[in-house]
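Here's the structure, in structure tokens; my notes come after.
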Amino acid sequence: MTTTHSTTSRPLRPPRTGRSNGQWAVDGREPLNANEAWKQAEGGLDVRQRIEEVYSREGFASIPPEDLSGRFRWWGLYTQRRPGIDGGRTTQLDDTELSDEYFMLRVRLDGGALTLAQLRVLADISTEFARGTADISDRQNIQYHWIRVEDVPEIWRRLESVGLQTTEACGDTPRVVLGSPLAGIAADEVIDPTPVIDEIVRRFVGDPDLANLPRKFKSAVTGHPSLDVVHEINDVSLVGVVHPDLGPGYDLWVGGGLSTAPRLAERLGTFVPGDRAAEVWHGVVRIFRDHGYRRLRTKARLKFLLAEWGPAEFRRVLEEDYLGYALPDGPPPPPATTPGDHVGVHRQKDGNHYVGAAPVVGRVSGEVLAGLADLMAATGTDRLRLTPHQKLVVLDVPPEHLDALVDGLEGLGLSVSPSPFRRSTIACTGIEYCKLAIVETKASAASAVAELEQRLADVTGDLDTPISLHVNGCPNSCARIQVADIGLKGQLVTIDGEQRPGFQVHLGGGLASADREEAGLGRTVRGLRVTTDDLPDLVERLVRRFLAQRSAGETFSSWAHRVDEEELR
């Protein structure tokens, strides 16, 4: 393994001294901006009754702005982008002008776990209410589009009849808990995170006491040595380790997040026993609730608090003020030894197999989900997991049905043996539906993948590991552009005096994986921008230069940080 050059998180500007930052535990609870005022006046969870009894009956026009653009998010609902508004107008129009009378609806799937019955319900909702849309997000959620408010109560009824929910799928809340797709089934698992995830969801999702946070709160729990939950970029992560005296448990990471001010999470150096993991999670989220900066939303994520306090002070406050006991010191997780996307055919500890498959940039459909459900039923399996890499993993496949399942997945467009470019490309929603986006992403990424598979067919076998390509429609980094080999941030690019859709390019980022021992942020090359049309040209050029210039065992990321800027243009 090559130790890849790691770019440290850029320093975050500390809050101004002598000025209130809206920290409840320091400054009191007086709202310091309009967003905090309406959250305090009425919580986001309270809007559900109005959706069911008023808005779904009286229609979109009956929804007031603070519910529509605010509280609806607590139930996984965002208005989607009105068709026909180009990216140049994204920052010029307000939310009302950008919004269509349809919604994106996010179904939270904690741990990415689905049963066959749940999958069928998701497929039916897509077909009946969402014009066939369904995307696998890089947060292990399913996202629909074209949802009408009139249909939301029936969608909730169907989801909840099989144990699914949209509660706090968005908003200033504890959002979906990422979990290892191999929880409970992998032979090399350090600890099964399922009990921790289940306890967090059962006790705390929908709890009004945690439903008014300064901003969103992202969590991850894994017990698998592949480090498969992108733990360095969550607000809190619990990563499976073995303590030399106390046995299996978790290493605690806090304060990660990307967007426009990226910062990697830091270890607190603690060992968390499995039976205390949920209460430790609860302590971290309450610190965020009480001490997070609420005056400015741009400074309200937990990473800003950690940057000011540092991990030692954060640990002290957690132990002394929120837990009431000290946590033992513990070891860091060892380097990953296998890929964390779990693509391919692998043996479970019980003799069955799990099969990881790649759609193109997470885009599926009601038809594909229904076909997948039929295939699973025919091959004798009842469980599916989504991954934080926009992939899916079918569990519990009997050996005698393995070939049939693999062939069936390929027939659905879900590749078990994808090309390196298909396997390692992810994309956010983009301008097709997102009000924040400046450029289109899903179709552009899919087109680039198809073209690169042809253009680089002669060197694909020379790539020891896939080169990750992450495509984002705006600066907010939902597609994790700063931790990709090639990260693309959507913007308008001026060519010969004409503005065209394109991207600013970040190079050489990555998270801890089988190919690098620690996470690092990508390099921004001054002036390096590319139009959407020229994207395949750029990637092909970079890949061929890398293969020609790399030293023995060198990764793309190491090469991208090593060479002069001119080699990256």
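The values are calculated or read from the model by the stated rules, or taken from the named source; none is laboratory data. These numbers were taken from a predicted model, which means no experiment stands behind them. FYI the Cβ positions are ideal-geometry reconstructions off the backbone, even for glycines, and counts take in every protein chain you see. Just so you know, the surface numbers come from the protein's heavy atoms only, side chains and all, with ligands and any DNA or RNA stripped out. Shrake-Rupley method; radii C 1.70, N 1.55, O 1.52, S 1.80 Å.
At full extension, residue 37 and residue 322 could sit 100.0 nm farther apart than now, given 0.36 nm per residue minus the alpha carbon distance.
Taking Cβ separations below 4.7 Å as the criterion for a possible disulfide partner, the isolated cysteines in the chain are 170, 434, 474. Per-residue extension of 0.36 nm, minus the Cα-Cα distance of residue 548 and residue 417, leaves a gain of 44.6 nm for this segment. Using just the C-alpha positions of region 496-558 as equal point scatterers, what log10 of I(q)/I(0) does the Debye formula give at each q in 0.19, 0.28 1/Å? Rounded to two decimals, the profile gives -0.86, -1.25. For labels at residue 49 and residue 131 in the simple 7 Å Cα→Cβ model, what's the distance in nm? Between residue 49 and residue 131, the simple spin-label model gives 3.4 nm.
Taking a virtual spin label 7 Å from the Cα of residue 537 along the C-beta vector, which residues in region 408-446 bring their backbone nitrogen under 18 Å of it? Output list for this probe position: 444-445.
Ranked from largest, the principal axis spans of the Cα set of region 161-309 equal 46, 41, 24 Å.
State the Kirkwood hydrodynamic radius of region 67-178 in Å, one decimal place, computed from all pairs of distinct Cα atoms. Kindly include the intermediate steps, with their values, before the conclusion.
Details: mean 1/r = 0.0688 Å⁻¹.
Roughly 14.5 Å, rounded to one decimal.
With Cα atoms defining each centre, region 346-374 and region 60-124 are spaced 26 Å apart in the structure. Shape index of region 357-458: Rg/Rh, with Rg the Cα radius of gyration and Rh the Kirkwood radius from the inverse mean 1/r over Cα pairs, equals 1.02. With 31 Å as the limit, the listed pairs 349/442; 303/435; 303/489; 39/442; 303/349; 349/489 have 349/442; 39/442; 303/349; 349/489 beyond it between alpha carbons. Rg then Dmax, both in Å and based on the Cα atoms of region 39-131: 15.5, 45. Globularity index of region 380-526 is 1.19 (Cα radius of gyration / 2.2 N^0.38 Å, N = number of residues).
Here the accessible area of region 432-482 is 53 percent carbon and sulfur, with a 1.4 angstrom probe and all protein chains present.
Computed from label points 7 Å out along Cα-Cβ, the spacing between residue 260 and residue 459 is 3.6 nm.
With +1 on the Cβ of every Lys and Arg and -1 on the Cβ of every Asp and Glu, and nothing else charged, how large is the dipole of region 95-189 about its Cα centre, in debye rounded to the nearest 20? Using Cβ point charges on Lys, Arg, Asp and Glu, region 95-189 gives about 300 debye.
Derived from the Cα gyration tensor, the three semi-axes of the equivalent ellipsoid of region 441-497 are 23, 16, 10 Å, largest first. Counting Lys +1, Arg +1, Asp -1, Glu -1, what net charge surrounds residue 540 among other residues with beta carbon under 15 Å of its beta carbon? Local charge sum for residue 540: -4.
Based on DSSP H runs of at least 4 residues, each adding -39500 (n - 2.57), what is the mean residue ellipticity at 222 nm of the chain after dividing by all its residues, to the nearest 500 deg cm²/dmol? Mean residue ellipticity, 222 nm, calculated: -8000 deg cm²/dmol. Annotation: aspartates and glutamates with alpha-carbon distance below 14 angstrom to residue 218 (same-chain offsets under eight excluded): 110, 138, 168, 172, 232, 235.
What number results when the radius of gyration of the chain, computed over Cα atoms, is divided by 2.2 N^0.38 Å?
Its radius of gyration relative to the 2.2 N^0.38 Å reference: 0.93.
Available extension along the chain between residue 86 and residue 337 is 86.0 nm, counting 0.36 nm per residue and deducting the alpha carbon span. Of the beta bridges in region 157-262, as assigned by DSSP with both residues counted there, near 50 percent are antiparallel.
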